[in-house]
1. Is it the case that residue 72 is in a helix (DSSP H, G or I) and either surrounded by 17 or more Cβ atoms within 10 Å (Cβ to Cβ) or touching a residue at least 60 places away in the same chain (Cβ under 8 Å) (or both)?
2. What's the number of the condition residue 218 fails, among (1) in contact with a Gly (Cβ under 9 Å, 6 or more places away or on another chain); (2) assigned to a helix (DSSP H, G or I)?
3. Go through (1) crowded, with 17+ Cβ neighbours inside 10 Å; (2) in contact with a Lys or Arg (Cβ under 7 Å, 6 or more places away or on another chain) one by one and return the number of the condition residue 34 breaks.
4. Among the numbered conditions (1) of a type in the set (A, V, I, L, M, F, W, C); (2) part of a helix (DSSP H, G or I); (3) closer than 20 Å to residue 53 by Cβ, tell me where residue 102 comes up short.
5. Being under 26 Å from residue 216 (Cα atoms), at pLDDT 95 or above and in contact with a strand residue (DSSP E or B) (Cβ under 8 Å, 6 or more places away or on another chain): is that true of residue 82 here?
6. Confirm whether residue 89 is buried (at least 18 other Cβ atoms within 10 Å of the Cβ) and not assigned by TED's automatic domain parsing to the domain that holds residue 30.
7. Please determine whether any residue of segment 54-63 is outside any helix (DSSP H, G or I), modelled with pLDDT under 95 and in the same structural domain as residue 131 (by TED's automatic domain parsing).
8. For residues that are farther than 17 Å from residue 86 by Cα, in contact with a Leu (Cβ under 7 Å, 6 or more places away or on another chain) and either surrounded by 19 or more Cβ atoms within 10 Å (Cβ to Cβ) or of a type in the set (Phe, Trp, Tyr) (or both), tally how many sit in segment 178-196.
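The values are calculated or read from the model by the stated rules, or taken from the named source; none is laboratory data. Because the structure is predicted, anything quoted here is derived from the model rather than measured. Heads up, the Cβs are rebuilt from the backbone with ideal geometry, glycines too, and the neighbour counts pull from every protein chain shown.
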Amino acid sequence: MSRKLTLHQPPDTVSVPLHAAGRPPPLTSLPGVRGVLFDMCNVLYDNTVWRRWVLKVLGRLGLHTNYHSFFRVWDRDYLAEVHRGRSTFCEAFRAFLLSAGLSAGQIDEVEVACTARRRELQRTARPLPGVIPTLARLHQSGLVLAVVADSEHPAAVLREQLQRFAIAGMLSGIVSSINLGRTMPDAPCYLAALEAMDLPAEKVAFMGHDTAELAGAAALGMRTIAVNHDADARADIYLARFEQLLDVVDSRKRGDMRLSERFQGAYFPGKTG
């Protein structure tokens, strides 16, 4: 008898106090920062659309599960191997579906549908609101910008995607995990990006969403900025919208502005993977 569990989609936004979860009072700016290193997925663009679509397909086959729990296993035990170059995406996805209890026939059906949908979403992906004008403003102000990504694609392919986003020309470096054979929060990922930026860790802020990846950046001495982040993420500054990054690192907008007075709360949309 198949199990019937309630499918919980991650909420769009959940507002909580800035001082929740034992966090220290938030910083209002990051003085001395000369560069910003961006995670790519769920920071520059939304990478959750395909995952939500997969859950709908699985639900029609009778598999009802929790978004966070389901994709936590996928990220940790299967996708990380893809991003390190040790497995193809299709191999990892089929093994994951098999572990979830699907039959060979069901796996074939899901793979065909989900692979086509994933390819289409990758082709039509667009930057999140506020990304292009914010990066343009930061680039014009002289800040060094770079991207680091856990990805199955090499840096050259990521550059093509960022060119479609109209932001590749603003970046001093693009680092992909598959070129390194390592994934965040492993130090070599951040260090390769810092080398491309030609800046020491203490002069760079890392902007991400994932708890472990933010912690990895902080361990190297980078300041951290969380956006679209996990509920348990720890960072120096939490943003509700990407464009609020200007208030944190753009010298022309620092002044005496107090972000803690402007923000009523930080937004924790849950695990987005």
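1. Criteria met by residue 72.
2. The failed condition is (1).
3. (1)
4. Tallying (1) of a type in the set (A, V, I, L, M, F, W, C); (2) part of a helix (DSSP H, G or I); (3) closer than 20 Å to residue 53 by Cβ, residue 102 fails exactly one: (2).
5. Considered against the rule, which asks whether it is under 26 Å from residue 216 (Cα atoms), at pLDDT 95 or above and in contact with a strand residue (DSSP E or B) (Cβ under 8 Å, 6 or more places away or on another chain), residue 82 comes out as no.
6. Taking the combined requirement at face value, the residue does not satisfy it.
7. no
8. Selection size over segment 178-196: 3.
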